[in-house]
Amino acid sequence: MEGNLYLQGLPIVKDPVKYSVMVSKSALDKSSSFSEKEILKEAEKATNVQFDWMEVPASGWGDRVNIVFASGDLPDAIFGNVDIVPNCRALMEITGDMLSKYMPNLNAFLEKNPLIKAKITAPDGKVYSLPTGEDSSPWSILSDALYINTEWLTKLGASMPTTTDEFYDVLVKAKEAGDLNGNGAVDEIPFGFSELGGFSIRSMFGSFGVINTSHYNNVENGKVFFAPADPRFYEGLKYLNKLFAAGLMDTEGFSQPRAQYNSKSLSDPPVYFVLSAGTIGNTVAAGQIENYQHILPLKGPNGAQLTRRSDNSSTYAMRNMITVSCKDPAPLLRWMDYCMSDVTMFLNWRQGAENVGWKWADADNWTRITEPAAPGYNNNDEFRFTTGFMGETAFLYVFDQGRDISSDPLTLRKVETAEAYAPYFQKEIIYTDLLQSADVTKEITLLFADIDTYMKSFVAESVTNGIDDAKWQEHLNQLQKLKIDDYVAIYQGMYDRQPK
């Protein structure tokens, strides 16, 4: 024992202890209060650790967090999203000794996953927040993909395109074919996308050797460069303009918001032959899902075949902090680790009861249950948020055993596309979700605002109206005015600091 604390086993403490915890409550959570959740009552009996839950609706979370930090009237812990760097003085450092002594399950996980450890480490080298979540969604790495209507492809007597030239040719065939959807009108659009809605053509630059990332930087052999200043980006623009000039792209692709895009992509019969989407399940009508198959990243004229991936280091979030007001953090840390000590217990807490919210698919893998909904609930998300401790929680999926292998057809389609695209993702990534200093964040924000506004306009103008050598040089001159050298230098520092 260490005072009142047992270092192993249950209960966690000999005499009960109580902590005040501010927690974000989802709109899906229909419980009267956290203190009435059976799963938390059972944990209290098992551990002797008690809680005074300060529940805040998720819709008002940001404002409440700001008020709490400004007032200095802090609870013992906060479970929810917090801007770590500017508030770190109000948060307790969670040292390596604390992790190894009180959180052996989490500590073992972090030792095996140094990138996750890097994600929760502040610029001063200290850890102020613990990760939550589960990295069991292999499709989360996928940014955007192209899908083609294979029913129309068969009508055209064409094969799945594999190169940029073949892609152009098959779009031309679709345009010239007329009424492919059989509705009596020539309303088909060969290639649909929505830059405003996130259904982007950014990845298509990968066929020319660069990626038009969300921050515009790429890495090759450890060196960061601004992709839109690279000659390969120029080649990509000329190719996209070739498609647009031939009437093969949606003329509203750069201006239409997601709702307008969805009004076309979800139509049945469909109007898009090829479309951009993250995953196909919620982008086309239910009756058309099987007709659309992903196109592998196209091989360009020089053999390049890259595609864009998420630049997050993981899907884990930093949501669990102990504040400087907490006088005895050890039992609370042990309680958090207790929640990660058994895979079945974790799933009951996070997914709801076994065989209602989740089930074992086989001896080693589990799957969510989405249908039918648990009795008395509109859907099983509502069930697991209400009966479990879902949302901004202290739980992290640290187990080797058991992965979500949902048999839901739409989920399987997501996995299928992500796995097919994985070999073509750019190999060197700047992880944008690692914590940066306040000065770095401020400088990036100021530079990016002007760069992003200009780049969106420049790409749209170049694709729709064309680009030549003179316009390209004018573009390069403008990039210098926007201080892209300074911008790249900041990202080079970010890349150099991240674990490889």
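The values are calculated or read from the model by the stated rules, or taken from the named source; none is laboratory data. If you're wondering where the values come from, they're calculated on a predicted model, not measured in any experiment. Because the Cβ atoms are built from the backbone with ideal geometry, glycine has one as well, and the counts that use them run over all protein chains shown. With ligands, DNA and RNA removed, areas are computed over all heavy atoms of the protein, side chains included. Shrake-Rupley method; radii C 1.70, N 1.55, O 1.52, S 1.80 Å.
Of the residues in the stretch 222-238, how many are touching a residue at least 24 places away in the same chain (Cβ under 8 Å), outside any strand (DSSP E or B) and open to solvent by 30 Å² or more (accessible area, probe 1.4 Å)? Counting residues in the stretch 222-238 that are touching a residue at least 24 places away in the same chain (Cβ under 8 Å), outside any strand (DSSP E or B) and open to solvent by 30 Å² or more (accessible area, probe 1.4 Å) gives 4.
Tell me, which residue of the stretch 154-168 that is open to solvent by 10 Å² or more (accessible area, probe 1.4 Å) and in a helix (DSSP H, G or I) is nearest to ALA420 (Cα to Cα)? Per the stated criteria, the residue is GLU166. THR417 - would you say it is open to solvent by 70 Å² or more (accessible area, probe 1.4 Å), part of a helix (DSSP H, G or I) and either polar (S, T, N, Q) or closer than 26 Å to GLY125 by Cβ (or both)? Taking the combined requirement at face value, the residue does not satisfy it. When VAL21 is tested against (1) in a helix (DSSP H, G or I); (2) hydrophobic (A, V, I, L, M, F, W, C); (3) under 30 Å from ASN379 (Cα atoms), only condition (1) is not met. Of everything listed in (1) open to solvent by 30 Å² or more (accessible area, probe 1.4 Å); (2) in contact (Cβ under 8 Å) with a residue 40 or more places away in the chain; (3) over 30 Å from GLY388 (Cα atoms), the single unmet condition for SER341 is (3). Scan the stretch 154-165 for residues that are without any contact (Cβ under 8 Å) to a residue 60 or more places away in the chain and either of a type in the set (Lys, Arg) or within 21 Å of GLY300 (Cα to Cα) (or both) and the total you get is 3. LYS41 meets the conditions (1) farther than 22 Å from VAL127 by Cα; (2) not in a helix (DSSP H, G or I) in every case but one. The failed one is (2). For the stretch 274-333, filtering for residues that are of a type in the set (S, T, N, Q), assigned to a loop (DSSP other than H, G, I, E, B), under 25 Å from VAL85 (Cα atoms) and in contact with a strand residue (DSSP E or B) (Cβ under 9 Å, 6 or more places away or on another chain) leaves 4. The set of residues from the stretch 182-203 being open to solvent by 20 Å² or more (accessible area, probe 1.4 Å), within 23 Å of GLN256 (Cβ to Cβ) and touching a residue at least 40 places away in the same chain (Cβ under 8 Å) comprises ASN183, ASP187, GLU188, ILE189, GLU195, LEU196, GLY198, ARG202. Here GLU443 meets each of (1) among the acidic types (Asp, Glu); (2) free of Cβ contacts under 8 Å to residues at least 24 places away in the same chain; (3) in a helix (DSSP H, G or I) with one exception, condition (2). Of all the criteria given as (1) touching an Asp or Glu at 6+ places or on another chain (Cβ under 8 Å); (2) surrounded by fewer than 23 Cβ atoms within 10 Å (Cβ to Cβ); (3) of a type in the set (S, T, N, Q); (4) in a helix (DSSP H, G or I), the one not satisfied by ASN241 is (1). So for the stretch 468-478 (the condition being over 19 Å from the mean Cα position of the chain (by Cα), closer than 27 Å to GLY281 by Cα and not aromatic (Phe, Trp, Tyr)), does at least one residue qualify? The answer is no; no qualifying residue exists. The condition of being closer than 27 Å to LYS238 by Cβ and of a type in the set (Asp, Glu) does not hold for ASP124. Of all residues in the stretch 91-129, those satisfying the criterion of being open to solvent by 60 Å² or more (accessible area, probe 1.4 Å) and part of a helix (DSSP H, G or I) are ASP97, SER100, LYS101, PRO104, GLU111, LYS112, PRO114, LYS117.
Results for (1) under 26 Å from the mean Cα position of the chain (by Cα); (2) of a type outside the set (D, E, K, R), shown as yes or no for each residue.
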residue: ILE67; (1), (2): no, yes
residue: ASP76; (1), (2): no, no
residue: PHE79; (1), (2): yes, yes
residue: ILE84; (1), (2): yes, yes
residue: ASN87; (1), (2): yes, yes
residue: SER100; (1), (2): no, yes
residue: THR121; (1), (2): yes, yes
residue: LEU130; (1), (2): yes, yes
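Residue selection: LYS264 satisfies the criterion of being open to solvent by 10 Å² or more (accessible area, probe 1.4 Å) and within 30 Å of the chain's Cα centre (by Cα).
From the list ALA43, ALA70, pick out the single residue that is of a type in the set (A, V, I, L, M) and open to solvent by 50 Å² or more (accessible area, probe 1.4 Å).
Checking each option against the conditions leaves just ALA70.
Beta carbons closer than 9 Å, at least 6 apart along the sequence or on distinct chains, pair a first residue in the stretch 101-120 that is acidic (Asp, Glu) with a second that is open to solvent by 50 Å² or more (accessible area, probe 1.4 Å) for GLU111/LYS117.
Candidates GLU134, GLU151: the one that is open to solvent by less than 70 Å² (accessible area, probe 1.4 Å), more than 27 Å from ILE211 (Cβ to Cβ) and of a type in the set (D, E, K, R) is GLU134.
Residue count for the stretch 344-355, restricted to those that are aliphatic (A, V, I, L, M) and either within 18 Å of LEU130 (Cβ to Cβ) or without any contact (Cβ under 8 Å) to a residue 40 or more places away in the chain (or both): 2.
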